[in-house]
1. Could you check how many residues of the range 329-370 are at pLDDT below 85, assigned to a loop (DSSP other than H, G, I, E, B) and surrounded by 17 or more Cβ atoms within 10 Å (Cβ to Cβ)?
2. What residue, among those in the range 256-278 that are touching a residue at least 60 places away in the same chain (Cβ under 8 Å) and touching a helix residue (DSSP H, G or I) at 6+ places or on another chain (Cβ under 9 Å), is most open to solvent (accessible area, probe 1.4 Å)?
3. Name the pairs whose Cβ atoms lie under 7 Å apart, with the first residue in the range 344-369 and under 11 Å from I283 (Cβ atoms), the second basic (K, R), and 6 or more positions between them or separate chains?
4. With respect to the numbered conditions (1) of a type outside the set (G, A, S); (2) closer than 27 Å to P84 by Cβ; (3) surrounded by 11 or more Cβ atoms within 10 Å (Cβ to Cβ), which one is the sole condition not fulfilled by V128?
5. Please work out if R148 is open to solvent by 70 Å² or more (accessible area, probe 1.4 Å) and out of contact with any Ser or Thr (no Cβ under 8 Å at 6 or more places or on another chain).
6. Here are some residues: D203, D186. Which one is surrounded by 10 or more Cβ atoms within 10 Å (Cβ to Cβ), modelled with pLDDT of 70 or more and charged (D, E, K, R)?
7. Would you confirm, using the coordinates I've provided, whether G119 is farther than 20 Å from R47 by Cα, in contact (Cβ under 8 Å) with a residue 40 or more places away in the chain and either among the β-branched types (V, I, T) or in contact with a Gly (Cβ under 9 Å, 6 or more places away or on another chain) (or both)?
8. Name the single residue that is nearest to the chain's Cα centre (by Cα) among those in the range 279-288 being closer than 17 Å to G232 by Cα and open to solvent by 10 Å² or more (accessible area, probe 1.4 Å).
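The values are calculated or read from the model by the stated rules, or taken from the named source; none is laboratory data. Everything numeric in this text was worked out from a predicted model, so none of it was measured. Using ideal geometry, Cβ is built from the backbone for each residue, glycine included, and neighbour counts are taken over all protein chains shown. Quick note on the areas: whole protein, heavy atoms, side chains included, nothing else; ligands and nucleic acids left out. Shrake-Rupley method; radii C 1.70, N 1.55, O 1.52, S 1.80 Å.
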Amino acid sequence: MRLGVSLAALGGIVYGIDARTPGLGLHGQALAVLICVVVACLGWLVRTVTVYLDTQHRALTGTAASGALVTAGGLLLGIAPTPPALALAGVGAFTAAVELTPALATTLTAAGVLVTAVGTATINHQWVAFAGYSGGLVALTLAGFNRRQYKQRLVQAEQLLTQIRIAAAADTRAAALDERTRIARDIHDVLAHSLGAVAVQLDAADALLEVDTNTPRARHHVQRARHLTLDGLTEARRAIGALRNDAPPLGDQLSALVADHHAATLTIFGEPRPLPANAALTIYRTAQEGLSNARKHAPGQPVTLHVHYHHDNVAVTIVNPTSTTADGSTLGATGGSYGLPGLAERATLLGGTLIAGQDATNWSLQLWLPT
């Protein structure tokens with residue numbers, strides 16, 4: 001289709017040139033016109049087929065084709081200044097401005113104007129026509145430059161759109177990774193404590209049933225396992241409520257948590273205020289981890305939970321004496337090694353800090369969150 005339209009346009013231009021004086025012939029000016037037309041036609045045909053060439057050969061053949069069109073068409077304008085002759089030179093100048101470098105396109109247009117001036121000075125001396133057609137050639141070159149800028153803007157817009165899509169895909173992957181990390185923390189926080197304790201209670205019940213006929217003690221451990229299972233279900237519901245932003249007030253959650261730990265006390269300083277869901281959940285998980293660790297590693301020891309509401313932050317401190325006896329509690333072996341690292345990740349994501357450690361007599365867990 002492209003080739004057919006190009007050949008039809010070329011045929012119309014050649015017919016228009018032949019219809020003008022001196023026309024095409026083998027003598028004098030007619031021969032000069034014929035030579036210019038042949039050269040320009042070759043340039044036109046080469047320009048048409050350059051779209052089928054690879055990039056390396058396209059630049060070279062495009063330059064040669066535009067040069068042939070501009071110079072042959074310009075000389076033809078000098079010999080017989082007609083609109084069809086301007087069409088040949090103008091197509092070369094326009095395509096050069098669109099596809100070649102600005103410097104090279106400007107050089108070709110200047111060469112076309114120069115050969116037109118030479119032909120005008122030596123043959124027809126029609127300087128008014130020379131001025132008009134030269135202005136037209138320059139105008140077509142400027143139109144080509146405008147087209148070039150338009151195409152460049154389109155390419156830049158496509159590149160920007162591609163970059164935006166890549167960035168959006170990267171953000172989606174990062175969000176998915178963050179979500180996976182958050183779910184991993186919640187799985188640990190909700191299930192590790194409860195299910196670990198359930199496993200211990202069931203192991204104890206199994207051991208009693210194997211070596212001890214005291215079934216009431218075994219029933220006690222089974223009932224304790226049931227209670228812990230229900231606690232785990234409650235914790236899962238609490239986590240879902242926090243994600244849906246309809247969780248109970250933080251103070252009520254902490255009070256219920258402390259009530260399950262008979263040796264723990266809760267003290268709240270400052271004026272309690274609603275906190276973002278992620279911050280409230282992080283504080284609750286920190287308190288849960290601190291009480292659970294105290295139950296595992298220092299059973300029976302008192303635990304203090306302090307929550308300080310400051311103007312622009314909340315500080316949480318959990319302190320319990322370290323165990324001084326080797327009681328061999330099996331609860332100390334439950335759970336995994338992800339509790340404190342998971343809490344540290346939560347705090348970091350919210351712009352806070354988590355510090356855990358012990359001195360000669362106490363173990364402490366300290367959380368600071370901006371609000």
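1. The qualifying residues number 3.
2. Applying the filter and picking the extreme gives N278.
3. These pairs meet every condition: R346/R185; R346/R285.
4. (3)
5. Numbers: open to solvent by 70 Å² or more (accessible area, probe 1.4 Å): no; out of contact with any Ser or Thr (no Cβ under 8 Å at 6 or more places or on another chain): yes.
Here the answer is no, as R148 does not meet what is asked.
6. Details: D186 fails: modelled with pLDDT of 70 or more.
One residue alone meets the criteria, D203.
7. yes
8. Only one residue fits best here, namely L281.
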